[in-house]
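A.B. asks: Pasting in a structure now, in structure tokens, and then I'll have a few things to ask.
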Amino acid sequence: MEKQEAKSLGRRLVLVVFPFQGHINPMLQLATILNSKGFSITIVHPQFNSPNHAKHPEFSFVSLPDGLSKSNISPTDLVALISALKTNCEAPFQQYLEEMLKVDDPHDRVACVVYDGFMHFAQVVANNLKLPGINVRTSAVATLLFFAVFPRAHDQGYISFKECLAQAPAPELQSLDFNDVLGPAEIPTPLLELRATVTHATKKASAVIVNTMHFLEQQTMSKVHEYFPSPIFCIGPFHKLAPPSASSTSLLKEDTSCISWLDKQAPNSVIYISFGSMVSMDEKELVEIAWGLANSEQPFLWVVRPGLVHGSEWIELLPESFKERVEGRGCIVKWAPQKEVLAHGAVGGFWSHCGWNSTMESVCEGVPMLCRPYFGDQGLGARYVCRVWKVGLELEGVLERGKIERAIRTLMVDSEGVEIRERAKDLKEKADLCLSEDGSSYNALNELAQHILSF
Ligand code: UDX
């Protein structure tokens with residue numbers, strides 16, 4: 001579809017963002033992709049963790065009062081967070097859209113609301129105003145099932161997908177070990193209710209967009225279609241379909257000095273370690289990681305976010321003897337330009353928490369992974385990497401330096417890791433095909449653009 005086509009029809013898309021780095025990145029990348037297809041874009045976001053408007057002059061921004069502050073909300077308490085966002089943002093969002101619908105200029109005519117699945121109230125507002133809503137999954141297609149719960153007959157509460165699985169085992173999902181990854185048998189009622197609300201909104205959506213590639217989740221996809229009637233567009237990974245000129249969407253300042261450091265390292269020799277924007281760990285784990293890295297004798301680039309260990313400023317908890325031992329062989333930064341790092345020829349492995357963005361970024365660059373998931377969808381990401389695509393190793397149980405040292409050497413240099421490293425390169429080639437002309441993500445994006453124009 002030509003850029004002009006959407007412009008001349010005057011289509012504005014209103015994108016609603018969930019305010020955390022792992023969601024802001026893919027949502028702004030999606031905005032850039034849709035903009036490149038000719039749609040005008042308004043980004044609606046809570047005040048908390050506001051994206052930098054100045055970096056994206058091509059978009060309009062609307063900031064909603066949210067009642068959140070860094071001190072009163074934990075990003076891992078999804079139930080409290082999503083419910084606070086609904087309580088505080090739903091009414092101002094509806095007011096804003098009502099005003100937008102009065103605008104006569106055809107270029108500002110709102111075609112639909114495109115919202116992060118956790119901002120489910122946006123679908124309710126879209127329904128109220130008779131606008132189409134498009135639900136965005138910034139994670140795997142499998143998370144649609146992960147979250148899915150269904151009303152039980154005769155008002156008896158809800159049944160989770162896990163219970164559905166038990167009743168009708170689905171062999172293709174066994175490799176993901178879904179039962180295990182879905183967590184405790186008894187899901188607390190507030191979480192069950194949240195999942196039901198999110199699932200309900202998804203079912204009401206006119207379409208679902210997912211940040212994944214069809215071939216990565218083929219088996220799961222057919223199961224998802226059984227439960228979700230809306231068309232599903234797998235147009236990921238967004239960061240690869242977004243124009244290369246797109247600005248950084250990082251909330252933290254990227255330390256680019258690590259790229260010059262990587263330039264001096266041998267090809268495929270460096271292990272990159274990052275646990276994303278939310279994970280925290282205790283001091284003991286941090287110190288075990290440090291010694292595991294030191295003893296592996298591999299060069300490493302390690303992102304130690306301020307606060308990675310609760311209350312720490314940065315690397316003051318690391319022993320001086322460790323710092324002396326790895327001088328010149330290790331580079332530690334507060335925040336890295338991760339996509340650039342993973343694309344660098346010196347990087348040969350990625351130790352990750354398996355957040356979905358990190359997982360997709362690694363797959364696209366053919367970098368094998370060491371997986372250490374902490375919460376939420378990270379366990380699912382790790383299962384895909386290690387058991388389904390087989391391009392990584394999982395570090396399970398208590399983190400201990402000897403175990404870490406062995407895992408790093410297997411991933412990076414030992415003969416046991418050869419097949420993993422080769423499969424990672426193969427996966428990158430498949431990803432390249434999927435993103436190129438006539439590939440599945442490329443085609444799905446064109447189909448999505450046509451779908452929006454048909455509203
Ligand atoms: C969160 C959840 O933890 C994750 O499981 C979910 O899938 C998305 O929301 P986060 O923990 O931050 O995200 O991890 P991830 O999804 O990997 O996103 C992190 C993003 O920050 C990536 O796009 C990565 O490129 C970027 N990043 C990370 C940097 O730019 N620099 C860094 O130093 C580290």
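The values are calculated or read from the model by the stated rules, or taken from the named source; none is laboratory data. Remember, it's a predicted structure, so these values are computed and weren't measured experimentally. Note that each Cβ is placed from the backbone with ideal geometry, even for glycine, and that neighbours are counted across all protein chains shown. In case anyone asks, the SASA skips ligands and DNA or RNA and just uses the protein heavy atoms, side chains included. Shrake-Rupley method; radii C 1.70, N 1.55, O 1.52, S 1.80 Å.
A.B. asks: Residues in segment 311-318: is at least one touching a residue at least 40 places away in the same chain (Cβ under 8 Å) and more than 16 Å from the ligand (Cβ to nearest atom)?
C.D. replies: Start the filter on segment 311-318 by keeping residues that are touching a residue at least 40 places away in the same chain (Cβ under 8 Å), which leaves none.
The answer is no, given that none of the residues of segment 311-318 is touching a residue at least 40 places away in the same chain (Cβ under 8 Å) and more than 16 Å from the ligand (Cβ to nearest atom).
A.B. asks: State which residue is farthest from residue 40 (Cα to Cα) when the search covers only segment 81-106 and only residues that are of a type in the set (A, V, I, L, M) and exposed (fewer than 15 other Cβ atoms within 10 Å of the Cβ).
C.D. replies: Going residue by residue through segment 81-106, those that are of a type in the set (A, V, I, L, M) are 81-82, 84-85, 91, 97, 100-101, 103.
If we keep only those that are exposed (fewer than 15 other Cβ atoms within 10 Å of the Cβ) as well, we get 91, 101, 103.
Values: 91: 24, 101: 15, 103: 14 Å.
Going through the qualifying residues, I end up with 91.
A.B. asks: Among (1) more than 24 Å from residue 412 (Cα to Cα); (2) not assigned by TED's automatic domain parsing to the domain that holds residue 215, where does residue 233 come up short?
C.D. replies: Unmet condition: (2).
Results for (1) without any contact (Cβ under 8 Å) to a residue 12 or more places away in the chain; (2) closer than 25 Å to residue 35 by Cα; (3) more than 13 Å from the ligand (Cβ to nearest atom); (4) not assigned by TED's automatic domain parsing to the domain that holds residue 50, shown as yes or no for each residue.
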position: 237; (1), (2), (3), (4): no, yes, no, no
position: 242; (1), (2), (3), (4): no, yes, no, no
position: 272; (1), (2), (3), (4): no, no, no, yes
position: 275; (1), (2), (3), (4): no, no, no, yes
position: 290; (1), (2), (3), (4): no, no, yes, yes
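A.B. asks: From the residues in segment 107-129 that are at pLDDT 95 or above and open to solvent by 30 Å² or more (accessible area, probe 1.4 Å), which one is nearest to the chain's Cα centre (by Cα)?
C.D. replies: The selected residue is 118.
A.B. asks: Are any of the residues in segment 353-360 within 26 Å of residue 258 (Cβ to Cβ), more than 12 Å from the ligand (Cβ to nearest atom) and modelled with pLDDT of 95 or more?
C.D. replies: First, the residues of segment 353-360 that are within 26 Å of residue 258 (Cβ to Cβ): 353-360.
Now restrict to residues that are more than 12 Å from the ligand (Cβ to nearest atom): none.
Checked against the condition, which is being within 26 Å of residue 258 (Cβ to Cβ), more than 12 Å from the ligand (Cβ to nearest atom) and modelled with pLDDT of 95 or more, segment 353-360 yields no hits at all.
A.B. asks: Additional query: Which residue, of 420, 404, is of a type in the set (A, V, I, L, M) and either in a loop (DSSP other than H, G, I, E, B) or closer than 19 Å to residue 287 by Cα (or both)? Walk me through it before giving the result.
C.D. replies: Values: 420 fails: either in a loop (DSSP other than H, G, I, E, B) or closer than 19 Å to residue 287 by Cα (or both).
It is 404.
A.B. asks: Could you list, in sequence order, the residues of segment 334-352 that are more than 7 Å from the ligand (Cβ to nearest atom) and either on the phi > 0 side of the Ramachandran plot or aliphatic (A, V, I, L, M) (or both)?
C.D. replies: Within segment 334-352, 341, 342, 343, 346, 347 qualify.
A.B. asks: Does segment 189-227 hold any residues that are of a type outside the set (Asp, Glu) and assigned to a loop (DSSP other than H, G, I, E, B), and which are they? Even if it seems obvious, please write down each step before you answer.
C.D. replies: In the first step, residues of segment 189-227 are kept if they are of a type outside the set (Asp, Glu); the result is 189-192, 194-216, 218-225, 227.
Selection gives 205, 206, 211, 212, 213.
A.B. asks: Identify the residue in segment 292-310 that is hydrophobic (A, V, I, L, M, F, W, C) and closer than 14 Å to residue 332 by Cα and, among all such residues, is nearest to the ligand (Cβ to nearest atom).
C.D. replies: Just the residues of segment 292-310 that are hydrophobic (A, V, I, L, M, F, W, C), to begin with: 293-294, 300-304, 308-309.
Those left that are additionally closer than 14 Å to residue 332 by Cα: 293-294, 300-304, 308.
Numbers: 293: 16, 294: 21, 300: 14, 301: 10, 302: 10, 303: 4, 304: 10, 308: 11 Å.
Ranking the qualifying residues of segment 292-310, first place goes to 303.
A.B. asks: Return the residue satisfying two criteria in turn: it lies in segment 235-290 and is part of a helix (DSSP H, G or I) and open to solvent by 40 Å² or more (accessible area, probe 1.4 Å), and of such residues it is nearest to residue 30 (Cα to Cα). Step through it out loud before you land on a result.
C.D. replies: Our first condition is that a residue be part of a helix (DSSP H, G or I); within segment 235-290, this holds for 238-241, 257-263, 283-290.
Applying the additional criterion that residues be open to solvent by 40 Å² or more (accessible area, probe 1.4 Å) yields 240, 257, 260, 263, 283-284.
Working: 240: 10, 257: 28, 260: 30, 263: 31, 283: 37, 284: 39 Å.
Filtering first and then ranking leaves 240.
A.B. asks: If I go through segment 404-455 residue by residue, how many of them are open to solvent by 60 Å² or more (accessible area, probe 1.4 Å) and within 14 Å of residue 351 (Cα to Cα)?
C.D. replies: 2
A.B. asks: Would you confirm, using the coordinates I've provided, whether residue 74 is under 28 Å from residue 338 (Cβ atoms), open to solvent by 10 Å² or more (accessible area, probe 1.4 Å) and modelled with pLDDT of 95 or more? I'd like the intermediate steps shown before the answer.
C.D. replies: Numbers: under 28 Å from residue 338 (Cβ atoms): yes; open to solvent by 10 Å² or more (accessible area, probe 1.4 Å): yes; modelled with pLDDT of 95 or more: no.
So residue 74 does not fit the description; no.
A.B. asks: Considering only segment 379-391, state which residues are open to solvent by 10 Å² or more (accessible area, probe 1.4 Å) and either within 13 Å of the ligand (Cβ to nearest atom) or in contact with a Pro (Cβ under 9 Å, 6 or more places away or on another chain) (or both).
C.D. replies: Answer for segment 379-391, where residues must be open to solvent by 10 Å² or more (accessible area, probe 1.4 Å) and either within 13 Å of the ligand (Cβ to nearest atom) or in contact with a Pro (Cβ under 9 Å, 6 or more places away or on another chain) (or both): 379, 383.
A.B. asks: Residue 373: within 12 Å of the ligand (Cβ to nearest atom), closer than 19 Å to residue 23 by Cα and without any contact (Cβ under 8 Å) to a residue 24 or more places away in the chain, yes or no? It would help to see each step written out before you state the result.
C.D. replies: Values: within 12 Å of the ligand (Cβ to nearest atom): yes; closer than 19 Å to residue 23 by Cα: yes; without any contact (Cβ under 8 Å) to a residue 24 or more places away in the chain: yes.
Taking the combined requirement at face value, the residue satisfies it.
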